[in-house]
Structure formats: structure tokens, C-alpha cells
1. Select from the range 213-267 the residues that are in contact with a Lys or Arg (Cβ under 9 Å, 6 or more places away or on another chain) and of a type in the set (Lys, Arg) and write down the one among them that is nearest to Leu171 (Cα to Cα).
2. What is the residue count in the range 51-68 for residues that are more than 19 Å from Ala114 (Cα to Cα) and surrounded by fewer than 17 Cβ atoms within 10 Å (Cβ to Cβ)?
3. Restricting attention to the range 250-291, report how many residues are open to solvent by 20 Å² or more (accessible area, probe 1.4 Å), without any contact (Cβ under 8 Å) to a residue 60 or more places away in the chain and either of a type in the set (A, V, I, L, M, F, W, C) or assigned to a loop (DSSP other than H, G, I, E, B) (or both).
4. Leu124 fails exactly one of the following numbered conditions: (1) assigned to a strand (DSSP E or B); (2) surrounded by fewer than 14 Cβ atoms within 10 Å (Cβ to Cβ); (3) not aromatic (Phe, Trp, Tyr). What is the number of that condition?
5. Only one of (1) in contact with a helix residue (DSSP H, G or I) (Cβ under 9 Å, 6 or more places away or on another chain); (2) modelled with pLDDT under 95; (3) charged (D, E, K, R) is not met by Arg214, so which one is it?
6. Give the residue that is least open to solvent (accessible area, probe 1.4 Å), with candidates limited to residues of the range 1-36 that are charged (D, E, K, R) and assigned to a helix (DSSP H, G or I).
7. On the given criteria, is Ile96 closer than 27 Å to Gln178 by Cβ, assigned to a helix (DSSP H, G or I) and open to solvent by 30 Å² or more (accessible area, probe 1.4 Å)?
8. Suppose the filter is surrounded by 20 or more Cβ atoms within 10 Å (Cβ to Cβ), over 27 Å from the mean Cα position of the chain (by Cα), on the phi < 0 side of the Ramachandran plot and not hydrophobic (A, V, I, L, M, F, W, C); does Arg115 pass it?
Amino acid sequence: MNELAGKHIVLGLSGGVACYKAAELSRLMIKAGATVQVVMTEAAAQFITPVTMQALTGRAVYGSQWDAREPNNMPHINLSREADAILIAPCSADFIARLVQGRADELLSLLCLARPIDRVPLLLAPAMNREMWAHPATQRNLAQLAKDGARVLGVGNGDQACGETGDGRMLEPNEILQELTAFFAPQVLAGQQVLITAGPTFEAIDPVRGITNRSSGKMGFAIARAAREAGAEVTLVAGPVHLPTPRGVRRIDVQSASEMLAAVESQAPYASVFIATAAVADWRPAQAAAHKIKKDGSGEVPPLAFVENPDILATVAHSDRARSGALFCVGFAAESEDLLAHASAKRLRKGVPMLVGNIGPATFGRDDNALLLVDSQGHRELPQASKRVLAQQLVADIARRLPTSA
């Protein structure tokens, strides 16, 4: 996807071992369609070479305010005026202090000071030792930068190059890309609280066996990311899947349909949009065995009695908040035949304003799909595309339907 198509990003590197992540970050930004111009401090060049960054970006790297390649000998002016954003990654404790002080004694801090603050945003991905991160001076400096209009992306937690463990790691390249994409995305869901279910449920037969389905959760996770990038606060209730949580999304992990219903009911009172993408099991064993059911050699199959699971979407859709219009509900349908007929009937049965059908053949586990949007006015298709693209299109469609979208 060319999510950053047409964007010119100045990627600034200050000193720190996290400079090695800048190589992958620059590759991801270029893959997303951006033009990347690298500017490095002298300290950054101790950790990764300008030659490496030039090879990855296809553009000459700048490191000195006296660079004679600029006809007017003013790279701090030219580079900052060309940028759609300046991203400092890694941003060291020293460089954070330089920005607060308005230092201008080397090219990177100089071009940050010279940038037109009304149209060239400054984004910071800090990277430092955990004690440096927690120090009051660093936190005070970050608060001042935020007050000055900079966007501080936060840090990760984990092992550090010094051998210690804690907060202060630079975010991973994909996390920074998500933040950058969200920064430029239209904020069509700003102020909205979005609740999403995703993945399968698992209904236990005994401690080692259960009933589930082939849902991967990819569509729901893609919608969660798209909704967050569109400005919403997102809570994702996820069945048993192996997918990373989208950046900035609150995740609640569950196993069974009953657990998913409990989690949804606890969050629905705070939501303005509910999107039910989870493939919830229709039935569960009436009683799970306390111990593993073993074969006894008789050839007889143990009887299994089933009971119906709660209908999560219908429960939420028939709540007072949904009926009053305070909660906009969207359902999903996966059918093996007659999609339009079944999806239309399901929309009426569930009592939701919109139902989304997965256009077959089965898309479980795939990265692409096609969707059928069904509402009271009829239906329309979102043609075959990546689930990431479809999620963005669906989020935009939902935003247009909300009472506040006008």
C-alpha cells in the first residue's frame, strides 16, 4: 500500500545504538510511498554509516550545515521547507534537550529550529537507557516539547543494549510506520469510541480439546488499526489468534463466546461504534469434561450434547443505547452460498443498520478479500483488495453513516 504516497519525510538520526532500526524504518517508509531524506548527527554516524542510509533511500545523506552541495549553502532551510514531516528516530536524551533549548550548532537541530512549525510537524521516537528515560529532566523536556507542538511517539519496553531491561527502547520500525501513517490519515473517527470483536472462539470439550473455526482475525485486526488511524479510541476483543496488537489499540483476549460476550458487555456502554467481525461459535458442549476424554478400546464414540451460544451482536444491537442511535452496530457474515440473501436476512434478524458479507470463496487466513455492504437502501461491493485497504474503506463508510459525520 502507498499510504505515504507523495509524502517527503526528513528522517533525522541522533546518536544511539537504535540507529540500526533506522535502516528498516527507511525501507518501510519508502515501500509505503514516501520519499525519505536522511539527516544524521556526528554521533549517529558512529552507529550506522551515511553510505548505508544513502544506499537504502537513494538520496545523499546530509550531516553538516556547511554542506556545499546546496547552491545557497543553507541545507537547514532547504531541507526543512521541502518536508511534509520531520521524524527523529532515534531521538536521544541529548537531542531532546537540544530541541528544548533551541540549540542550532549542528544541522539536525538547526533544521528543526528553522522548520515552519505551522506546516511541518515534528515527530520524535525517543531511545535511551531506562534510567535516562525515567529521569525527571527527560520527562520535563518531553512535556515541554509536547507543549511546543512536537508529537512524542513513546517508547517500548524490553531488553536494552546496556544489559538492563525496562522502558526506553525505540519503538520497532513497523510501530513507527503505524504512528506516521496515523498522523497523516484523515481523522474521520476523531472523538469516537470503537469496540471490535475479532477472530474465532474456542469452546472446550475437555482440558485439551475444543470446537473452533478457521478465522484468523486478520480482518478484525485490520479494522482496529484503520479505526485507530482514523482518530478513534479502539478496544479490540480478540479470540485465540496469533496476531500483534495494532499500535495504540487496547486489547482484551478471550477464549469462549461467553467470555467474549462478557468483555463486550463491559465495554459497550462506553462505545459509539460496535463492529462484530468475530466468528463466534453458534454452539458449545453442554458441559466440558474435567479431565481428558480417553478411548476405552470399545470403538464407541462418546456422546456430546450441545447448547446454543449467546448471540453477541443481537444482544448489543437490541440494547437501549443501540436502539436510541447512541451505538452504531455493524455485523459480519461468512456464507458458503447465496451471500446477499443470507446477509440481508441476517441484518434484519440481528437488528443492525449495516451488515458486511465476506464474498467467497472462503477467505480464512488470507490477506485479501472482497466485501458486500448491506443496509436498508440495498447493497454495494468493495472489490477484491488487501484486508488493510478494505478496512480503511469500511471505516470511511462507517464514519459517513454516523450522526456526527456531517
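1. Out of the qualifying residues, it is Arg247.
2. Here the count works out to 7.
3. Adding up the residues that qualify gives 8.
4. Every listed condition holds for Leu124 apart from (2).
5. Among (1) in contact with a helix residue (DSSP H, G or I) (Cβ under 9 Å, 6 or more places away or on another chain); (2) modelled with pLDDT under 95; (3) charged (D, E, K, R), the lone unmet condition for Arg214 is (1).
6. Checking each candidate, the answer is Lys21.
7. No; evaluated as a whole, the condition is false for this residue.
8. When the stated conditions are applied, Arg115 passes them.
The values are calculated or read from the model by the stated rules, or taken from the named source; none is laboratory data. Values in this document were obtained by computation on a predicted structure and should not be read as measured data. In this analysis, Cβ positions are derived from the backbone assuming ideal geometry, glycine residues included, and neighbour counts consider all displayed protein chains. Just so you know, the surface numbers come from the protein's heavy atoms only, side chains and all, with ligands and any DNA or RNA stripped out. Shrake-Rupley method; radii C 1.70, N 1.55, O 1.52, S 1.80 Å.
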